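Worksheet for the structure shown next.
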Amino acid sequence: MNQALAAEFGLDADEYRRVLDIMGRTPSFAELGIFSVMWSEHCSYKSSRVWLRTLPTQAPWVIHGPGENAGVVAIGEGLAAIFKMESHNHPSFIEPYQGAATGVGGILRDVFTMGARPVANLNALRFGDPANPATRRIVDGVVRGIGGYGNCVGVPTVGGEINFHPAYDGNPLVNAMTVGIAPAGRIFLSAAAGIGNPVVYVGSRTGRDGIHGATMASAEFGADAESKRPTVQVGDPFVEKLLIEACLELMATDAIVAIQDMGAAGLTSSSVEMAGKGGVGIELDLDQVPQRETGMSAYEMMLSESQERMLIVLRPGAEGIARAIFEKWELDFAVIGHLTGTGRIVVRHQGRIEADIPLAPLADQAPLYHRPTAPSPPPRPIGSLPAARLAEDLVRLVACPDLASRAWVWDQYDSTVGGQTVKRPGAADAAIVRVDGHRLALALTTDCTPRYVAADPEAGAAQAVAEAWRNITATGARPLAITDNMNFGNPEKPVVMGQFAGAVAGIARACIALDFPVVSGNVSLYNETAGSPILPTPAIGGLGVLADAAQAVGLAAAPGQDLVLLGGDPSHLGQSLWLREIAGQEAGPPPPVDLAAERRHGDFVRARIAAGGVAACHDVADGGLLVAIGEMLLAGDTGAVLGPAPDAAGFWFGEDQARYVLAVADGAALLAAAQAAGIPARLLGRTGGEGLTLPDGATISLATLRSAHERFFPALMES
Amino acid sequence: MRAGIVVFPGINRERDMAIALERASGRAPRMVWHRETDLQGLDLIVIPGGFSYGDYLRCGAMAAQSPVMESIRAHATRGGHVLGVCNGFQILVESQLLPGALLRNASLRFLSMDCHLRVERADTDFTAHYQRGQVIRAPMAHGDGNYFADDATLDRLEGEGLVAFRYVAPDGSVTAAANRNGSARSIAGILSPNRRILGLMPHPEDLVDPLLGGTDGAPLFEGLAASLAA
């Protein structure tokens, strides 16, 4: 046991010295393993914690903010929504199917462990250059993995987003979000209590899969990434489904004191965190752990990341009732230890004490780094630009990888199971899922525009929050809270750490201005391969609520409606898709985010929707105004005639924020209301016919637009 | 109508089915755990969709060996009504309560989208509230919905009028494009010879509420409720 071995476990010299101080002796192999995973970036947030503390996490409707397995907000009628987004990036590069599948499984457990029935899954995916031959394989595996797991557990996958960029070539991002519903007064937490109480293991048996996964997720990839495949876990969605039903059945009794899933770092993190949070000690007898392999060592069992396992502290005497429920569901159930008053974790195996560590210093003396930051270099200035050719540019834009129809992907995800999906993927700016037995509905979205964040981390991250807020607003729902999934490169590089710090500042600014607090989140660093980092990607998962699901508005326009632009004429081409796809430049500053305007415009839109009379609503985002109009027409299968308007590229393709297109029966009335509210508005045209007629008289047939829009994914994946 | 929904480990559309049945009949169905064997008093047994036993062997093969299946067989022999949807259809086929097999989709991908179905006969208790030839919409969500049987069996099914639903284009025509999972003769659902057992792949239970996109599935349950009113 020495410094060299510690380094192999991912602990640096300082950290190893700290281990020696805490232990007062040389740690055992198992003890060193426990320290190394608990102090890994993945589990300890040692590079990010100082920044995350600055995020706003409070609002009157927040029941539990960050620090629990997931965030909890009150949604009315005595109910709570429980949600979180989490990354599974590193495993998804090594083995896309299992990486993505277990990402879905892990986030589901974070949500149902708090007492919620999961009601919706979403995701945020980033892939490399479509021209890179590896991209197709990774897209295929990730989409199959998400579908394979989500479809089987019977939780509908209702939304998500996908970007392509060469910066993700060696490092795709798979961020999975789960939303659940629970009675607000029946939330289950992880803090252990009650000395002597039994500690119970349920779910799948422990194997040697995923050992040291958390450490793998805390390092860059080199050329040997393939050799790390044994650290990827294998998912079993069938067992997960049984685990959901068994846990919810047990939660209906009063048997549970505390419960947590065994996620990253498995038995180690769950037992250490549960006992640590409760200020008690814990003693584990590994001989009692259900195992699917023989001859496993204490080290292997403590660090295994076998999936679909939970750790539960029961009330004394509740073992019988709990065992009966898990046996009914044909799941393993074992009492593997008990709580103690020692404040230590003691691990016994085959008559020997394999680990004996004081819990307080393991948590309190975990490393915390104020890593140096450096500003991002300013974006390249915008060069000379071609004139916009509206029809041609629109057809090219709706066909580009970042805007093309995602139907090929959605068509592989079960979006209707549960019988509550009011707006399926692509039907509205946010997915709408009704709460079973109520009129209430949730509005759910995931958003981030990484090219904006790369150009200006603060503004780009504020934009991600604003877009999530806007997407919820555009359905008529009231935005309540977000979960943030921070995907960045190597934090030891000052520019990357600067991106992270800037993004946190941007999120904080937007959350405060929009009353949209952060209630849960996840950080994934070291997203680099061979020294090349991803685009900074703070993915935002947003949740809103509608008192009546019947009021939800989609984005599909119907014939005979006026199209109205709210929020002012666009003009900002910096970092726009038009600039990238048509002018061939990734340049300029991202669109500025005026949060006061954002709020004013959004509140007006929501009020108009609540008052009735808004047939469809879509925010102006990637691709700009003309793309937004095209998307509304394609979704509603109608054409439109657009009236006189500026012919500048910036007007039609600028990606200015705080703008919406509404389809209404009476455009004049909406213009008058907007004027009275001091909100700039413009009548764009009227829907109807078989094509989109532009102000210059050119007409694009809907069929042309649709075939361009739907070409990309089938061509990439099935050619 | 007293309906029971059979729950095998891994079934996941039992709540959707319960909503549709209660909406049509005004009576909450009984949830029947797969180890139960007493189905007395039930007019209709429903095996809903999902992934029984993870579909890890062949879809439906494990569930077909469950204790409750003997009771379902007895119920069917007594002339009782049985509805199997998606995984439920697969289980009925594996139990040989219906002929044929459900293979991997021709595309080898999971398919989740609305499809159009043509009602092939309206003189059954399942389809009494539809018109013959009517085209209805229903969500489908399956990886193994590619109906297969040998030609003799298919000819018999057609000859005896036991094809209940076919995948069609919105105008009712049978096309290859509308038959996305590759089913033999575009078959989406079949009946037993006494027309009291129906198995089908798509999910009428997920389209019974205008708020959720339509009510094309509702007449199936309303027809059953009317036929089995007690």
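Here are some notes:
- The number of residues in the stretch B:1-21 being within 8 Å of chain A (Cβ to nearest Cβ), in a helix (DSSP H, G or I) and of a type outside the set (A, V, I, L, M) comes to 2.
- Pairs meeting the criteria (first residue in the stretch A:657-676 and on the phi > 0 side of the Ramachandran plot, second residue buried (at least 20 other Cβ atoms within 10 Å of the Cβ) and among the small types (G, A, S), beta carbons under 7 Å, at least 6 apart or on different chains) are A:A658/A:G567.
- All of B:D155, B:D206, B:D125 fail the test of being more than 14 Å from chain A (Cβ to nearest Cβ), at pLDDT 95 or above, in contact with a Leu (Cβ under 9 Å, 6 or more places away or on another chain) and more than 14 Å from B:L98 (Cβ to Cβ), apart from B:D125.
- Test for A:P401: is it in contact (Cβ under 8 Å) with a residue 24 or more places away in the chain, away from chain B (no Cβ under 14 Å) and surrounded by fewer than 13 Cβ atoms within 10 Å (Cβ to Cβ): no
- Within the stretch B:176-216, the only residue that satisfies the criterion of being without any contact (Cβ under 8 Å) to a residue 12 or more places away in the chain and hydroxyl-bearing (S, T, Y) is B:T215.
- Flag if A:L444 is within 29 Å of A:G544 (Cβ to Cβ), surrounded by 18 or more Cβ atoms within 10 Å (Cβ to Cβ), within 14 Å of chain B (Cβ to nearest Cβ) and in contact with a strand residue (DSSP E or B) (Cβ under 7 Å, 6 or more places away or on another chain): no
- Whichever residue in the stretch A:426-436 is crowded, with 24+ Cβ neighbours inside 10 Å and of a type outside the set (A, V, I, L, M, F, W, C) and, among such residues, is farthest from A:I181 (Cα to Cα): A:D429
- Any pair with Cβ under 7 angstrom, 6 or more apart, that starts in the stretch A:93-104 at a residue that is among the hydroxyl-bearing types (S, T, Y) and ends at one that is buried (at least 24 other Cβ atoms within 10 Å of the Cβ): A:Y97/A:G145; A:T102/A:H88; A:T102/A:P91; A:T102/A:Q233; A:T102/A:G235; A:T102/A:Q307
- Hey, B:Y147 more than 13 Å from chain A (Cβ to nearest Cβ), closer than 29 Å to A:V158 by Cβ and in contact with a strand residue (DSSP E or B) (Cβ under 9 Å, 6 or more places away or on another chain) or not: yes
- Considering the stretch A:135-176, and only residues there that are in a loop (DSSP other than H, G, I, E, B) and under 25 Å from B:G10 (Cβ atoms), the residue that is nearest to the other protein chains (Cβ to nearest Cβ) turns out to be A:G154.
- The one condition in (1) surrounded by 22 or more Cβ atoms within 10 Å (Cβ to Cβ); (2) within 14 Å of chain A (Cβ to nearest Cβ); (3) in contact with a Lys or Arg (Cβ under 8 Å, 6 or more places away or on another chain) that B:A24 fails to fulfil: (3)
- Candidate set: the stretch B:27-52, residues that are assigned to a loop (DSSP other than H, G, I, E, B) and under 23 Å from A:T421 (Cβ atoms); chosen: the one nearest to the other protein chains (Cβ to nearest Cβ): B:F51
- A:P60 vs. criteria in contact with a strand residue (DSSP E or B) (Cβ under 7 Å, 6 or more places away or on another chain) and in a loop (DSSP other than H, G, I, E, B): no
- Extreme residue, farthest from the other protein chains (Cβ to nearest Cβ), among residues of the stretch B:209-230 that are in a loop (DSSP other than H, G, I, E, B) and within 19 Å of B:R132 (Cβ to Cβ): B:D216
- The single condition among (1) in contact (Cβ under 8 Å) with a residue 40 or more places away in the chain; (2) facing chain B (nearest Cβ under 10 Å); (3) surrounded by fewer than 24 Cβ atoms within 10 Å (Cβ to Cβ) that A:K423 does not meet is (3).
- Residue check, A:G650 part of a helix (DSSP H, G or I) and within 22 Å of A:I382 (Cβ to Cβ): yes
- B:R137 being at pLDDT 95 or above, surrounded by fewer than 18 Cβ atoms within 10 Å (Cβ to Cβ) and touching an Asp or Glu at 6+ places or on another chain (Cβ under 7 Å): yes
- Condition broken by B:A128, with the remaining ones in (1) under 15 Å from B:G84 (Cβ atoms); (2) in a loop (DSSP other than H, G, I, E, B); (3) aliphatic (A, V, I, L, M) satisfied: (1)
- Scanning the stretch A:543-559 for residues that are away from chain B (no Cβ under 13 Å), assigned to a loop (DSSP other than H, G, I, E, B) and either surrounded by fewer than 21 Cβ atoms within 10 Å (Cβ to Cβ) or under 22 Å from the mean Cα position of the chain (by Cα) (or both) gives A:A547, A:A558, A:P559.
- Search result, residues across the stretch B:82-137 that are in contact (Cβ under 8 Å) with a residue 40 or more places away in the chain, over 25 Å from B:E222 (Cα atoms) and basic (K, R): B:R104
The values are calculated or read from the model by the stated rules, or taken from the named source; none is laboratory data. Remember, predicted model here, so these are calculated numbers, not experimental data. Every residue, glycine among them, receives a Cβ derived from its backbone with ideal geometry; neighbour counts consider all protein chains shown.
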